[in-house]
Amino acid sequence: MERAGTGRTRNHIEQLAGRAVDPAELLDGEDPETLQLHDAQHWVRVYEELLTFKTALLKRAERMADDVSDSARTEIARSDLPIMDAQARKLERRLTFWRGRLDQLRREGSANDGK
């Protein structure tokens, strides 16, 4: 099995890493201004899945770091864990946004139903 990133340029990998933690970076197809309730429901589910996945990876990485040498643990704590944590925080912010957008669209839909 080929490892992720094999054959990619350093610049490309740095761009991917930056995108992963950039709070302004949206997922493909994500439209924060959507007026569609089902779109907002979709993005809530997507971000819940991503956050669950990332949180599990982070917890596992923290546990695994306990079983490596001091030098390896220092590197993991200096680079891997902060990046994963930043990614999780970004996902939390996006999930919070989409939950709020979903609530807003539901309220607007209820208000429009009454007209």
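Would you work out the charge dipole size for the chain about its Cα centre, treating the Cβ of every Lys and Arg as +1 and the Cβ of every Asp and Glu as -1, and quote it to the nearest 20 debye?
Details: 20 positive and 22 negative charges, 26 e Å.
Charge dipole of the chain: 120 debye, to the nearest 20.
Once both labels are positioned 7 Å from their Cα atoms along Cα-to-Cβ, the gap between D70 and F97 label points is 4.3 nm.
Can you order the peptides 19-32, 82-95 by their average number of other Cβ atoms within 10 Å per residue, highest first?
Details: 19-32: 11.1, 82-95: 16.7.
Listed from highest to lowest mean packing, they are 82-95, 19-32.
With the biggest extent put first, the Cα atoms of the range 31-83 measure 51, 16, 6 Å across the principal axes.
Normalising the average separation of contacting C-alpha pairs (under 8 angstrom, six or more residues apart) by the number of residues puts the relative contact order of the chain at 39 percent. Span-like helix check, the chain: qualifying full DSSP H segments, with Cα axial length of 15 Å or more and mean Kyte-Doolittle of -0.5 or more, are 37-65.
If you wrap the tightest convex hull around every Cα atom of the chain and split its volume per residue, you get 129 Å³.
Every read-out reported here was derived from the displayed coordinates using simple, explicitly stated rules and does not represent laboratory data. Please read all numbers here as calculations on a predicted model, not as lab measurements. So basically every Cβ, Gly included, is an ideal-geometry build from the backbone, and we count neighbours across all protein chains shown.
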